[in-house]
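These notes are about the structure you will find just below.
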Amino acid sequence: MPFEGKLALVTGSGRGIGRSIALKLASQGADIIVNFFRHRESAEQTVKDIEALGVKAEIIRANVGDAAKVDELFDTIGSKFGRLDILINNAASGVGRPLMDIDTKAWEWTMDINARALLLCAQRAAKLMEGRDGKIVSISSLGSRFVLPNYTVVGVSKANYTVVGVSKAALEALTRYLAVELAPQGICVNAVAASAVETEALKFYLKEGLVKDSRQLTPAGRMVIPEDVANVVAFLCSEEAFMIRGQIIIIDGGTSVGLFALAGKGE
Ligand SMILES: NC(=O)c1ccc[n+]([C@@H]2O[C@H](COP(=O)([O-])OP(=O)(O)OC[C@H]3O[C@@H](n4cnc5c(N)ncnc54)[C@H](OP(=O)(O)O)[C@@H]3O)[C@@H](O)[C@H]2O)c1
């Protein structure tokens, strides 16, 4: 069990990809702090599922976009555990409007949750990781470097990825700077960037024909699933990944490198 005796905080791990990451780390022996913001029931279910794997789980509510709440989150971890081995910066949100309609409120909401949270969490986590070979992994997306098409969201309206893409670019730059600054403290910092992930919600929209099926555009022949992301994150948290620093590992089944070869195939 590579993570036996380790303590991991996974932000936004009540559901979706964060939940898969939490379960993966737990299956390899880590105790998990499940952070959530709005959906307590999902987070409680994740805690139960983690405990069923024979490790400990703790639930802490915090809006990671709120600096005071991040402080409270880490104050709680500090007083209850006094240590942290792994920080997974997964929680994300965003305003899906064209850039011409992004006001300062939409910008700050998105940037604070998706990018500033890594800075604030890393600052506090680094102290709890002293002498513990800490690992920090963030979840980014292809929208950091490519302009993604509009996507369908709940309520079946079209949304723009714009400001979320910008926030993910900031997250990735922060990852590189943190990797160098925290290396002397023995902390490894990396990120993964996934293409569209086949979550339960997406499966429903695919079935109803409400989003375009991108399987034909993926050289690997299927969409990315949450477990694909969790597997790479777990690897980056392992000692085998010790010499990987400040990298953004793309998980997209070859979509981004096969763009030209596959052009027209999805029509
Ligand atoms: N889904 C994709 O296709 C895809 C592709 C590439 C990258 N990603 C990235 O993967 C990560 C997870 O995505 P997902 O699709 O699993 O997300 P999701 O289903 O939309 O869930 C978002 C998660 O983040 C939490 N969260 C949102 N705002 C928060 C806040 N202010 N403070 C704390 N927690 C907050 C939510 O908790 P509550 O439910 O409790 O509010 C939830 O657990 C994100 O960083 C996302 O950008 C996703």
Take every DSSP beta bridge with both residues inside the chain and express the antiparallel ones as a percent of the total, to the nearest 5.
10 percent
Can you show me the helix-derived [θ] at 222 nm for the chain, built from DSSP H runs with n ≥ 4 at -39,500 (n - 2.57) apiece and divided by the number of residues, rounded to the nearest 500.
-11500 deg cm²/dmol
Relative to the present Cα-Cα distance, how much length would full extension add between residue 66 and residue 106 at 0.36 nm per residue of separation?
13.0 nm
With every protein chain present, what is the per residue accessible area of the chain (1.4 Å probe, Å²)?
49 Å²
Using θ = phi - 60° and Karplus 6.51 cos²θ - 1.76 cosθ + 1.60, couplings along the range 100-113 (whole Hz; Gly, Pro as x)
5, 9, 8, 9, 5, 5, 5, 4, 5, 4, 5, 5, 5, 6
Exceeding the 19 Å Cα-Cα cut-off - candidates 6/168; 158/203; 80/127; 24/80; 24/56; 56/80
6/168; 24/80
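May I ask what percent, to the nearest 5, of DSSP beta bridges between residues of the range 64-198 are antiparallel?
Bridges in the range 64-198 that DSSP calls antiparallel: roughly 20 percent.
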Taking R0 as 51 Å and r as the Cβ-Cβ distance between residue 215 and residue 80, the FRET efficiency 1/(1 + (r/R0)^6), rounded to the nearest 0.05, comes to 0.70
Sequence-distant or interchain residues sharing an amide H contact under 5 Å with residue 194, placed H: which?
140, 141, 142, 251
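For the chain, with all protein chains present and a 1.4 Å probe, just round the carbon and sulfur fraction of the accessible area to a whole percent.
So the carbon and sulfur contribution to the accessible surface is 55 percent.
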Quick calc: nm separation of the 7 Å Cα→Cβ label points for residue 203 and residue 52 -> 1.5 nm
With every protein chain kept in the model, how would you rank 239, 172, 200 by accessible area, 1.4 Å probe, largest at the top?
200, 239, 172
Skipping prolines and chain starts, which residues have an amide H placed within reach, meaning under 5 Å, of the one on residue 34, given they are 5 or more residues away or on another chain?
58, 59, 60
Per residue of the range 145-150, what does 6.51 cos²θ - 1.76 cosθ + 1.60 with θ = phi - 60° give for ³J(HN,Hα)? Whole Hz please, x for Gly and Pro, Karplus curve as stated.
10, 10, 7, 7, x, 4
Through the Karplus equation 6.51 cos²θ - 1.76 cosθ + 1.60, θ set to phi - 60°, convert the phi angles of the range 66-72 into ³J(HN,Hα) values in whole Hz; use x for Gly and Pro.
10, 4, 5, 6, 5, 4, 4
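The values are calculated or read from the model by the stated rules, or taken from the named source; none is laboratory data. All figures in this text were calculated on a predicted structure; none of them were measured in a lab. Neighbour counts run over all protein chains shown; Cβ positions are idealised from the backbone, glycine included. Accessible surface is based on the protein model in full, side chains and every heavy atom, while ligands, DNA and RNA are left aside. Shrake-Rupley method; radii C 1.70, N 1.55, O 1.52, S 1.80 Å.
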